[in-house]
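Accompanying notes for the structure given below.
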Amino acid sequence: MTFIEFEQSLSHANPPSGLSAALTALWHDARGDWERAHDTAQEIDDETGAWIHAYLHRKEGDDGNAHYWYRRAKQKPASGALDAEWRLIVDALLTPP
């Protein structure tokens with residue numbers, strides 16, 4: 001899936017089938033469902049889940065908690081626009097290693 005396809009899927013009522021939990025969390029966040037995004041991110045027990053968790057807490061305005069999750073994700077705390085960080089994470093997840 002490309003970034004454009006992912007972005008276009010946001011107009012649908014449900015996330016595309018086959019999305020990873022990480023992309024599903026970001027999909028829900030982009031659709032305005034922070035709680036569902038957070039619940040999904042909590043179930044991802046790796047650095048990617050921690051990065052999404054950090055982003056979500058930064059978006060929530062809980063910088064202390066966000067910094068904790070950035071450390072767990074081994075990511076430098078973001079300070080730019082939230083939409084730019086969202087795009088960065090989505091791009092990272094859609095780009096094969």
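Odds and ends about this structure:
- Apart from one condition, Ser9 fits all of (1) within 14 Å of the chain's Cα centre (by Cα); (2) surrounded by 12 or more Cβ atoms within 10 Å (Cβ to Cβ); (3) not basic (Lys, Arg); the exception is (1).
- Listed here are the helices (runs of 4 or more DSSP H) enclosed by the stretch 44-97 that have at least 3 residues being closer than 19 Å to His28 by Cα and of a type in the set (Asp, Glu): 82-94.
- Hits in the stretch 45-62 (condition: over 12 Å from the mean Cα position of the chain (by Cα) and in contact (Cβ under 8 Å) with a residue 12 or more places away in the chain): Glu60
- For the stretch 48-59, the count of residues that are loosely packed, with under 13 Cβ neighbours inside 10 Å and not aliphatic (A, V, I, L, M) is zero.
- Any hit, the stretch 15-22, residues being crowded, with 18+ Cβ neighbours inside 10 Å and touching a residue at least 40 places away in the same chain (Cβ under 8 Å): yes
- Any hit, the stretch 46-65, residues being at positive phi and either in contact with a Leu (Cβ under 8 Å, 6 or more places away or on another chain) or of a type in the set (Gly, Ala, Ser) (or both): yes
- Here Leu26, Leu82, Leu88 are screened, and the one residue that is more than 10 Å from the chain's Cα centre (by Cα), at pLDDT 95 or above and under 21 Å from Thr2 (Cα atoms) is Leu82.
The values are calculated or read from the model by the stated rules, or taken from the named source; none is laboratory data. Quantities reported herein were computed from a predicted structural model and do not represent experimental measurements. Cβ: placed from backbone, ideal geometry, glycine included. Neighbour counts: every protein chain shown.
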